[in-house]
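For reference, the structure is listed below as structure tokens.
The values are calculated or read from the model by the stated rules, or taken from the named source; none is laboratory data. The shown structure was predicted, so the numbers you read here are calculated from the model rather than taken from an experiment. Neighbour counts are summed over all protein chains in view; Cβ atoms, including those assigned to glycine, are modelled from backbone coordinates with ideal geometry. Note: areas computed on protein heavy atoms with side chains; ligands, DNA, RNA excluded. Shrake-Rupley method; radii C 1.70, N 1.55, O 1.52, S 1.80 Å.
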Amino acid sequence: MNYVLIESFCALAKRLNFTKAAADIFTTQPSLSRNIVTLENELGFQLFHRSKHSVSLTELGQKFLPYAQAIKDANDKAVDFAASIVRNAPNTLIWELRVGVA
């Protein structure tokens, strides 16, 4: 399970609309759909009830949401922390780029 899958789940759980959730996370609706199916396959249970006109969380989806949100929140805090370090002391970090050819 990776962060993109968690982010996709949280966005869809918030909006309950594939098109709006995809726009929120700057992806396409088909990509969001694939991410949700991938996450459901990795977890081994369905997160959403889907019909042509509605999306809703399953009972297990509702139970999984706080864990997913905690992962997303922790990631967001880590990114904010790293960005603040770079902003406040840009010369303290050394960036290295290595390019290899096989």
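Data table
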quantity	calculated
Selection from segment 1-18 of residues that are over 15 Å from Gln29 (Cβ atoms) and of a type in the set (Gly, Ala, Ser)	Ala13
Residues of segment 15-55 classified as among the hydrophobic types (A, V, I, L, M, F, W, C) and either over 12 Å from the mean Cα position of the chain (by Cα) or open to solvent by 40 Å² or more (accessible area, probe 1.4 Å) (or both), total	10
Qualifying residues in segment 61-85 (those that are open to solvent by 60 Å² or more (accessible area, probe 1.4 Å) and over 18 Å from the mean Cα position of the chain (by Cα)) - the one modelled with the lowest pLDDT	Ile85
Flag if Thr58 is surrounded by 12 or more Cβ atoms within 10 Å (Cβ to Cβ), of a type in the set (Ser, Thr, Tyr) and within 15 Å of the chain's Cα centre (by Cα)	no
Qualifying residues in segment 21-75 (those that are out of contact with any Leu (no Cβ under 8 Å at 6 or more places or on another chain) and aromatic (Phe, Trp, Tyr)) - the one farthest from Ser8 (Cα to Cα)	Tyr67
